[in-house]
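Report on the following structure.
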Amino acid sequence: MLLNKRIIVGVCGGIASYKAIELVSGLQQAGALVDVIMTDHAQEFIRPLTFATMSHRPVYHNLWEPSGQAAELHIALAEQTELVAIVPATANTLAKLAYGIADNMLTAVALATRAPLLLAPAMYKGMYEHPATQANLSLLRERGASIIEPQVGRLASGAIGVGRLPELSVLMGAINLVLGREGDLAGRRVVVTAGGTQEPIDPVRYVGNRSSGKMGYALATVARDRGAHVTLISGPVALEVPYGIELCKVETAIQMRDAVDSVITDADVLVMSAAVADFRPITPASQKIKKNETRGSGEQGNFSLYLTRNPDILGQLADADRESGVKRSRRLIRVGFAAETHDVIAHAQAKMAAKRLDLLIANDVSQPDSGFGTDTNKAYLFHANGRMEDLPVMPKIDLAAAIWDRIVSLLL
Ligand code: PMT
């Protein structure tokens with residue numbers, strides 16, 4: 001999403017300015033054309049050469065250099081850029097931006113540009129919480145600036161409080177979100193399910209599966225980067241929540257069904273990439289089952305677990321729509337996945353028909369580069385008109401993009 005995007009990273013003079021080096025490097029590696037503008041105070045912490053080395057481009061700082069080229073350049077930079085991200089934004093620069101003061105290269109460009117402004121305040125908590133800073137931030141927010149909230153944690157002074165610059169993944173996520181606002185999913189509400197459900201046997205054990213959530217989180221991230229409002233309904237996973245996504249955590253299939261039901265009325269698209277348990281223990285034990293317990297008709301040393309069928313979330317939605325004559329204000333595009341270990345195409349076609357889907361993505365989870373826990377996936381795409389696409393193995397993030405391409409064409 002960042003390939004060839006023109007981004008200005010403005011760096012102010014705060015201890016967190018060293019973290020902007022990582023950001024510039026990350027953006028450059030993602031293919032963006034990054035122009036760094038430093039304030040004089042930022043140069044007290046880091047030399048321009050460091051940023052130039054990371055961005056592979058000149059670094060700007062002196063609006064007043066005698067040739068007058070910089071003065072001319074600040075207009076060109078302001079007009080060409082697609083985003084101005086100020087990381088870190090100090091209380092001083094926020095105050096200047098709020099009052100339209102343009103006394104250095106960065107504030108002059110920020111005033112001249114019509115590109116979106118993204119601010120990542122980072123400072124001592126007393127400065128951040130001061131009514132002057134808060135009033136400036138409110139004013140900037142009202143005028144359309146996006147603010148990345150600072151985190152609570154240990155500050156450079158040693159104090160604990162609000163004011164820390166968030167991690168790189170958050171900064172990159174926020175940049176992608178702002179740049180994607182006009183994308184082909186702008187204005188769309190999408191619901192993505194991810195991860196596996198866990199069906200309790202007793203308070204310490206569950207029936208589960210091997211889903212890591214990677215496929216679902218990739219789908220949610222790409223939808224955000226293309227402008228959608230994303231609700232991610234996730235089973236327990238060990239993944240970082242993508243920035244700017246509404247997360248709903250669930251454990252069981254019943255909870256996932258209830259979560260889907262509670263958000264689906266306003267949604268344009270539901271993508272069920274979660275591995276939902278088809279069965280759950282009928283009566284989970286209220287206390288930990290001891291290893292010498294025997295249950296059911298099991299012989300001594302054996303243990304029988306009685307399971308009952310879980311609701312089919314996707315299937316029930318189709319049934320509800322059919323029975324109620326579709327109450328929704330807009331048509332819901334329903335996309336399912338099929339995790340198969342054999343006869344992939346036949347099983348997927350049967351699921352497509354049974355759940356009456358708009359699109360089904362089948363993956364062979366017995367393959368080492370596909371399915372559970374992998375960073376790549378190999379998929380067959382089944383369309384409602386019977387067409388099938390056989391896609392090559394690719395990173396899950398690329399497969400997510402390919403899936404959204406197909407969904408966007410269904411939304412037109
Ligand atoms: O999370 P990862 O490690 O990245 O792995 C990704 C994945 C392999 C989990 C993913 O690509 C995938 O295949 N997800 C679907 C897994 C699954 O439950 O498949 P299924 O064939 O059993 O179910 C078919 C469809 O019905 C799925 O969209 C499923 O979400 C849905 N379903 C299933 C059972 C149920 N009770 N309700 C449902 O809605």
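The values are calculated or read from the model by the stated rules, or taken from the named source; none is laboratory data. On a predicted model such as this, the values are computed, not experimentally measured, just so you know. Because the Cβ atoms are built from the backbone with ideal geometry, glycine has one as well, and the counts that use them run over all protein chains shown. Just the protein is used for accessible areas: all its heavy atoms, side chains included, with ligands, DNA and RNA removed. Shrake-Rupley method; radii C 1.70, N 1.55, O 1.52, S 1.80 Å.
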Legend entry - Two-site label geometry, Q287 and E246: point separation in nm, points 7 Å out along Cα→Cβ: 4.2 nm
Legend entry - Principal semi-axes in Å for the stretch 224-291 [√(5λ), Cα gyration tensor, largest first]: 29, 15, 9
Legend entry - Förster radius 56 Å - calculated FRET efficiency between T265 and R57 (Cβ-Cβ, nearest 0.05): 0.75
Inset, instruction - May I ask you to give the percent of accessible area on the chain that is carbon plus sulfur, with a probe radius of 1.4 Å? - result: 52 percent
Legend entry - Span-like helix ranges in the chain, DSSP H, alpha carbon extent 27 angstrom or more, Kyte mean at least -1.0: none
Inset, instruction - Sequence neighbours fewer than 8 away in the same chain don't count; with that in mind, list the aspartates and glutamates whose C-alpha is under 16 Å from K249. - result: E199, E240, D258, D261
Legend entry - Estimated 222 nm signal from helices in the chain, with DSSP H stretches of n ≥ 4 weighted -39500 (n - 2.57), rounded to 500: -10500 deg cm²/dmol
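Quick check for you: with a 1.4 Å probe and neighbouring chains kept, what is the accessible area per residue of the chain, in Å²?
48 Å²
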Legend entry - FRET efficiency, 1/(1 + (r/R0)^6) with R0 51 Å, evaluated for D40 and S409 via beta carbons: 0.50
Inset, instruction - Would you mind telling me the antiparallel percentage of the DSSP bridges in the chain, rounded to 5? - result: 30 percent
Legend entry - R0 of 30 Å, Cβ-Cβ distance T341-A320: FRET efficiency to nearest 0.05: 0.50
Legend entry - Y306 versus I254: modelled label distance in nm, points set 7 Å from Cα along the beta carbon direction: 1.6 nm
Legend entry - Rg ratio (alpha-carbon, reference 2.2 N^0.38 Å) - the chain: 1.18
Inset, instruction - Go from 0 up to the bin containing the longest alpha carbon distance in the stretch 77-127, width 10 Å each, and give me the % of pairs per bin. - result: 26, 56, 16, 2
Inset, instruction - Write down the Kirkwood hydrodynamic radius of the stretch 184-411, to one decimal in angstroms, obtained as one divided by the mean of 1/r over all alpha carbon pairs. - result: 18.4 Å
Legend entry - the chain, dipole about Cα centre (Lys/Arg Cβ +1, Asp/Glu Cβ -1), debye to the nearest 20: 680 debye
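If N is the number of residues in the stretch 6-180, what value comes out of its Cα radius of gyration divided by 2.2 N^0.38 Å? Walk me through the numbers before you get to the answer.
Details: Rg = 14.9 Å, N = 175, 2.2 N^0.38 = 15.7 Å.
Cα-based Rg divided by the globular estimate yields 0.95.
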Legend entry - log₁₀ of I(q)/I(0) at q = 0.15, 0.22, 0.26 Å⁻¹ - the stretch 2-47, Debye sum with one point per alpha carbon: -0.36, -0.69, -0.87
